[in-house]
Amino acid sequence: MDKLKMQTPNKANENFEKLAAMFPNAVTESIDENGEVVRAIDKDVLMQEISCKVVDGKEERYQFTWPDKRQAILTANAPINKTLRPCREESVDFDNTENLYIEGDNLEVLKLLQETYLGKIKLIYIDPPYNTGKDFVYNDNFAQSTDEYLFESGQYDDDGNRLVLNPESNGRFHTDWLNMIYSRLKVCKNLLANDGVIFISIDNRESANLRKICNEIFGESCFITDAIWRSSDNSNNDAKQFSNDYNSTLIYSKDPLWQPEKANDPDKRKHFKNPDNDPKGAYFDGNPLNSPNYRENLIYDIVSPNGITIHPPKNGWRWSKETLQEKLDSGEIRFTNDGTNIRRRTYLCDMEGLTPSNLWIDLDKTGHNRQAKYELLKLLPEDVFDTPKPVRLLSYILSLIPDSENAIVLDFFSGSSTTADAVIQTNAVENNHRKFVMVQLPEDLDENLKNASNDKKTVLKNAIALCDKMNKPHLLTEVAKERIRRAGAKIRNEQLEMSNDNSSLLTTNSSLDVGFRVLKCDTSNMKDVYYNPDEYEQDLFGSLSDNIKEDRTPEDLLFQVMLDLGVLLSSKIEETEICGKRVFNVADGFLYACFDADISDEVVRAIAEKQPYYAVFRDSGMATDSVMTNFDQIFAAISPTTVRKVL
């Protein structure tokens, strides 16, 4: 049996192994900072292998860089010993829901998810903190250890929050923001499916820099568009220069050939008519496409059936003479009744849909900030969020994703949880089964209030009052979870009313998932001895015989095992009792796990007879050395294909 790693992978080591396999001649040895000999990659040899021209030293080259960028890359690749602990009491329909609400630093959470959700996320939407100089931003403090930073800055609170003010007077104004966003985007790319896409809302302060970062991480060929969303329905007449009435939404795909869902907008199809009862149905006669560039072979005259000569446009026709004649013969291009011109006939039945625009100014379709505030006040009249995104905007984005009926949607700057609300609402309307994964740092509302501007203090005080009313800690995540609870309850009530209304033509989604599992990022369930047994003297092992922390539950262990084995955290979990022991059955028998003590041969045999893909036990849980010895033999005889793991 094998021992579980119980930590995220070291991406730098993985990349080293890949390079070493491809270019073994580039593998060398060097002295590290501790004076020890370690394996390394010879950059000069590697560059000779992969480049026609070596760029080195201060030679000019195209690049986008800033202070600490190299450290940001290392931070994105570095492993962590953390886990996600389930919290049933704060969840809704924990046993049946497939939605997740995860509390924690999103960089750490993304690292924890990158194996389990590798290539599984169809849509990522994020609305990261804008670099206004007044708002809080994440500070990962690459140059210092956590303890040093906590001691010197005092910016961490008891919950480990990493939010600090980033005033424009800060000499690292852009650097801090770029370091924050770079590492998170680098990790989240691993989660995108091959047909996945990411939408990033941003204002004009960092949009140019963000696009350069995304070009580097996702590739310029995967840039889809910079969509302009009209975020304000009224211009600001008090603006000193220009009223900022829009936000950008940068869109990047995993595959450069990704295409959005075609729009089916009735208003844009009104010009399709059928006045002559064409058997193919409604059509639109438009001018044939002209050549964008002058070409000699596209300059030719056309003679209509009534003998009128039609001269070419300035640059010539779009097609060669032979191709144009084929289109005339097929009826795609026709002469006008008077024979003085030609028209291209496009049939409505041949259209798959209309290509969506990157100018989002239809307020009825994508909403605006003031509308977002009003719609949220109906759900949360306590007025606890100052700048939420409208549900309509997120619903519109969801409509642009092809084949997304069962997609997993991730938002790792989830804030007020508009994305979760939009997923629930669109599922209800379209009878779909999209799943959401929300990730949010549990910001301390009291700390935020101390540093907030006057215009934000009111909503923060309201949020704190709501937490008191719910008897909850003063955390942003508590308010956001309440928003999802109320959104789900509202949809359920509306569906109940529809089901009781015999005159309604709408159908309800009986399997609509309005629940969510709450998971909280925390330190590993395992003691340090689990990861570094060589650092402990042999006579200490007696006191460390159990390598699991005392305050951790079997369900805590189960979720860390699921992360380690790549089992979706939304998987169905059933508890059963086998020979008096508590056993978890995950994903309909895919994983069986038992973390009880005094495991006998009978328990091992009963689980082996279930023939799971994975079977996991505690190393210290075996009743005797004999059981440990028989463990592999029992599985080899009953279920030889089962992968056996211990922790």
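Observations on the structure shown:
- Of residues in the range 490-509 being within 14 Å of Asn427 (Cα to Cα) and surrounded by 11 or more Cβ atoms within 10 Å (Cβ to Cβ), the one modelled with the lowest pLDDT: Leu506
- Condition check for Lys645: in contact (Cβ under 8 Å) with a residue 60 or more places away in the chain and among the charged types (D, E, K, R): yes
- Look at the range 564-591: where a residue is among the basic types (Lys, Arg) and a partner is part of a loop (DSSP other than H, G, I, E, B), sitting 6+ places away or on another chain with Cβ atoms under 6 Å, you get Lys581/Asp596; Arg582/Asp596.
- Single residue of Val479, Val514 found to be touching a Gly at 6+ places or on another chain (Cβ under 8 Å) and at pLDDT 95 or above: Val514
This table checks each residue for (1) loosely packed, with under 14 Cβ neighbours inside 10 Å; (2) under 25 Å from the mean Cα position of the chain (by Cα); (3) outside any helix (DSSP H, G or I).
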| site | (1), (2), (3) |
| --- | --- |
| Arg345 | no, no, yes |
| Cys349 | yes, no, no |
| Lys365 | no, yes, no |
| Ala372 | no, yes, no |
| Lys378 | yes, no, no |
| Glu382 | no, no, yes |
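- Filtering the range 97-126 to residues that are part of a loop (DSSP other than H, G, I, E, B) and of a type in the set (Phe, Trp, Tyr) leaves only Tyr117.
- Any hit, the range 12-23, residues being in a helix (DSSP H, G or I), of a type outside the set (Phe, Trp, Tyr) and modelled with pLDDT under 75: no
- Within the range 396-444, restricting attention to residues that are acidic (Asp, Glu) and part of a strand (DSSP E or B), the residue that is surrounded by the most Cβ atoms within 10 Å (Cβ to Cβ) is Asp411.
- Any hit, the range 276-286, residues being assigned to a strand (DSSP E or B), among the basic types (Lys, Arg), more than 39 Å from the chain's Cα centre (by Cα) and surrounded by fewer than 15 Cβ atoms within 10 Å (Cβ to Cβ): no
- Residues in the range 609-645 that are out of contact with any helix residue (DSSP H, G or I) (no Cβ under 7 Å at 6 or more places or on another chain), surrounded by fewer than 19 Cβ atoms within 10 Å (Cβ to Cβ), part of a loop (DSSP other than H, G, I, E, B) and of a type in the set (D, E, K, R): Lys610 only.
- Qualifying residues in the range 454-489 (those that are part of a helix (DSSP H, G or I) and of a type in the set (Lys, Arg)) - the one surrounded by the most Cβ atoms within 10 Å (Cβ to Cβ): Lys481
The values are calculated or read from the model by the stated rules, or taken from the named source; none is laboratory data. The structure presented is a predicted model; accordingly, all values stated were derived computationally and were not measured. Neighbour counts are summed over all protein chains in view; Cβ atoms, including those assigned to glycine, are modelled from backbone coordinates with ideal geometry.
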